[in-house]
Amino acid sequence: MTSSESGPLAVIPDSPVSEAIRPLAESIIDHAALVRNLGRLRSTNGAKFMAVVKAGAFGHGAVETARTAVGAGAEWLGVATIEEAVELRAAGITAPILVWLIDPWCDLPAALAARVTLSCANVETLTAVASAAARSGVIADVQLELDTGMARAGSTEELWGGLCAVAVAGEASGQIRVSGLWSHLAMANIPDASSIDGPLKAFERGVASARAIGLTPDEVHLANSAATLAHPETALTMVRCGASLYGIETVDGESHGLEPALRLLTRVTQLRRVPAGTGVGYGHRYSPARDTTLVLLPVGYADGVPRSLGGLAEVVIGGIRYPMVGAISMDQIMVDVGDADVAIGDEVVLLGNPADGEPDAAEWARIANTLSHEILTGLGARIKQRHINVL
Ligand SMILES: Cc1ncc(COP(=O)(O)O)c(C=O)c1O
């Protein structure tokens, strides 16, 4: 009997789920996987390990990931901005932190108060750091960045001698201490050694000339994830790993047994049975060829699901893959589950482990013509993080 046959219900029946408050979408970050990835990376060399936790640890939670990495033996942390470093210090993390996006207008006093290490790649920045240190009455810990063939950040080889000379003067006057020299590799993803030979030699030249004029760096480093895994000769005193810590494979054509550490889950929020030919979503970009069941997921491109996945990517419900259909909206996605027995509240895996047949960030990245890095760092603020297997 329907309510239209019987009139309005006198009493609304009890909801079976009224007490189970859960976020519409959450990312589950498995710290045991982070630790296993870190161990895998460490096993390739005897160097120190810098865990790169910029951009919210690639969407995995900067503070939580940094704590785990340090707990698992990472000697250093690496971030892009002073604000990221200060957040880690505010959370009580005391490990050395290198910050590499510095210019004279950054909040240098905050960085010095937080005792973080500042990368300098030009004389303007180095003198600003030295002056800020003099004003604050502290010795600034500095690492100099050399460009060894990426033509992005870092001092050119031409200007390197002048930068080192200013650093020597800054050390003599007690304003700075140069604890490291570093560079970044543009093509370590190519397994052939020819991709790193030139940069490695350029870096060795830069280190030698810096030492020759009196700098005594403790750390010399240029290896990222791909270099750590494919070119162990680049490990020097320290490696800096981001992507691989989060399970992203970065060496072309190779798999190094890294595990995704993040699962992105949501749930079926509505479902409807529709006849063949029904236009679905904005622009009616999809219409099923047969009668079918459509389910609504409460996430969209504002949460980091690229709009270009519409009609191309899949989700997993109850161990089975189903297609995302129609246009992806800002907050909503439709999935065609055919005649499957799916119910409101069923768990939906958006990102999981390919070893279990689930899509991962690399699968989305292939479809969206981008990198796993962009997928993971693009997860939106509405996705709630849940940390499991924390040390
Ligand atoms: C300066 C610097 N060093 C190291 C890394 C780590 O590189 P990867 O994520 O490839 O390990 C990055 C970026 O992530 C970086 O910008």
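The values are calculated or read from the model by the stated rules, or taken from the named source; none is laboratory data. Bear in mind the structure is a predicted one, so any value in this text is a computation, not a measurement. Note that each Cβ is placed from the backbone with ideal geometry, even for glycine, and that neighbours are counted across all protein chains shown. Heavy atoms of the whole protein, side chains included, go into the accessibility calculation; ligands, DNA and RNA do not. Shrake-Rupley method; radii C 1.70, N 1.55, O 1.52, S 1.80 Å.
Being more than 9 Å from the ligand (Cβ to nearest atom) and crowded, with 20+ Cβ neighbours inside 10 Å is the filter; apply it to segment 221-234 and report the residue that is nearest to residue 142 (Cα to Cα).
Going through segment 221-234, the residues more than 9 Å from the ligand (Cβ to nearest atom) turn out to be 229-234.
Add one more test, that the residue is crowded, with 20+ Cβ neighbours inside 10 Å, and what stays is 229-231, 234.
On the way: 229: 27, 230: 29, 231: 27, 234: 22 Å.
Selected residue: 234.
Just to check your reading of the model, which residue among 146, 185 is closer than 29 Å to residue 232 by Cα, in contact (Cβ under 8 Å) with a residue 60 or more places away in the chain and within 14 Å of the ligand (Cβ to nearest atom)? Explain how you work it out, then say what you get.
Details: 185 fails: in contact (Cβ under 8 Å) with a residue 60 or more places away in the chain.
Criteria check complete, one pass: 146.
What strands (runs of 3 or more DSSP E) lie completely within segment 230-278 and have 3 or more residues being within 30 Å of residue 207 (Cβ to Cβ)? Talk me through it step by step, then tell me what you get.
Details: elements: 238-241, 262-267, 270-274.
By residue number, 238-241.
Taking into account only those residues within segment 188-210 that are under 20 Å from residue 238 (Cβ atoms) and among the hydrophobic types (A, V, I, L, M, F, W, C), which is farthest from the ligand (Cβ to nearest atom)?
208
Quick grid of which residues meet (1) open to solvent by less than 10 Å² (accessible area, probe 1.4 Å); (2) within 22 Å of residue 87 (Cβ to Cβ); (3) out of contact with any Lys or Arg (no Cβ under 9 Å at 6 or more places or on another chain):
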position: 110; (1), (2), (3): no, yes, yes
position: 124; (1), (2), (3): no, no, yes
position: 139; (1), (2), (3): no, no, no
position: 151; (1), (2), (3): no, no, yes
position: 155; (1), (2), (3): yes, no, yes
position: 158; (1), (2), (3): no, no, yes
position: 166; (1), (2), (3): no, no, yes
position: 176; (1), (2), (3): yes, no, yes
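Can you report the number of residues in segment 57-104 which are farther than 18 Å from residue 141 by Cα and either out of contact with any Phe, Trp or Tyr (no Cβ under 8 Å at 6 or more places or on another chain) or open to solvent by less than 20 Å² (accessible area, probe 1.4 Å) (or both)?
The initial filter retains those residues of segment 57-104 that are farther than 18 Å from residue 141 by Cα, namely 57-74, 87, 90-92.
Checking which are either out of contact with any Phe, Trp or Tyr (no Cβ under 8 Å at 6 or more places or on another chain) or open to solvent by less than 20 Å² (accessible area, probe 1.4 Å) (or both) leaves us with 57-72, 74, 87, 90-92.
Summing the residues that are farther than 18 Å from residue 141 by Cα and either out of contact with any Phe, Trp or Tyr (no Cβ under 8 Å at 6 or more places or on another chain) or open to solvent by less than 20 Å² (accessible area, probe 1.4 Å) (or both) in segment 57-104 gives 21.
Among 103, 30, which is the only one that is within 16 Å of the ligand (Cβ to nearest atom) and either at pLDDT 95 or above or over 24 Å from residue 144 (Cβ atoms) (or both)? Steps first, please.
Working: 30 fails: within 16 Å of the ligand (Cβ to nearest atom).
Result: 103 is the single residue among 103, 30 that is within 16 Å of the ligand (Cβ to nearest atom) and either at pLDDT 95 or above or over 24 Å from residue 144 (Cβ atoms) (or both).
Of the residues in segment 290-315, how many are within 26 Å of the chain's Cα centre (by Cα) and open to solvent by less than 10 Å² (accessible area, probe 1.4 Å)?
Going through segment 290-315 one residue at a time, the tally reaches 8.
Of the residues 247, 279, 283, 253, only one is within 22 Å of residue 70 (Cα to Cα), open to solvent by 10 Å² or more (accessible area, probe 1.4 Å) and of a type outside the set (Phe, Trp, Tyr); which?
247
What about residue 74, is it more than 11 Å from the ligand (Cβ to nearest atom), under 20 Å from residue 377 (Cβ atoms) and in the same structural domain as residue 226 (by TED's automatic domain parsing)? Steps first, answer last, please.
Values: more than 11 Å from the ligand (Cβ to nearest atom): yes; under 20 Å from residue 377 (Cβ atoms): yes; in the same structural domain as residue 226 (by TED's automatic domain parsing): yes.
It is true that residue 74 is more than 11 Å from the ligand (Cβ to nearest atom), under 20 Å from residue 377 (Cβ atoms) and in the same structural domain as residue 226 (by TED's automatic domain parsing).
So, in segment 66-84, exactly how many residues are within 14 Å of residue 52 (Cβ to Cβ), part of a helix (DSSP H, G or I) and touching a helix residue (DSSP H, G or I) at 6+ places or on another chain (Cβ under 8 Å)? I'd like the intermediate steps shown before the answer.
To start, the set of residues in segment 66-84 that are within 14 Å of residue 52 (Cβ to Cβ) comprises 66, 68-70, 74-81, 84.
Then drop every residue that is not part of a helix (DSSP H, G or I), which leaves 66, 68-70, 84.
Retained after the next criterion (residues that are touching a helix residue (DSSP H, G or I) at 6+ places or on another chain (Cβ under 8 Å)): 66, 68-69, 84.
Qualifying residue count, segment 66-84: 4.
Have a look at 131, 195, 119 and point out the one that is outside any loop (DSSP other than H, G, I, E, B), touching a helix residue (DSSP H, G or I) at 6+ places or on another chain (Cβ under 9 Å) and at pLDDT below 95. Give the steps one after another, and end with the answer.
Values: 131 fails: at pLDDT below 95; 119 fails: at pLDDT below 95.
Only one candidate passes the filter, namely 195.
Looking at segment 43-55, is at least one residue under 14 Å from the mean Cα position of the chain (by Cα), within 25 Å of residue 349 (Cβ to Cβ) and either open to solvent by 30 Å² or more (accessible area, probe 1.4 Å) or hydroxyl-bearing (Ser, Thr, Tyr) (or both)?
The answer is yes, given that some residue of segment 43-55 is under 14 Å from the mean Cα position of the chain (by Cα), within 25 Å of residue 349 (Cβ to Cβ) and either open to solvent by 30 Å² or more (accessible area, probe 1.4 Å) or hydroxyl-bearing (Ser, Thr, Tyr) (or both).
Within segment 354-391, how many residues turn out to be at pLDDT below 95 and in a loop (DSSP other than H, G, I, E, B)?
1
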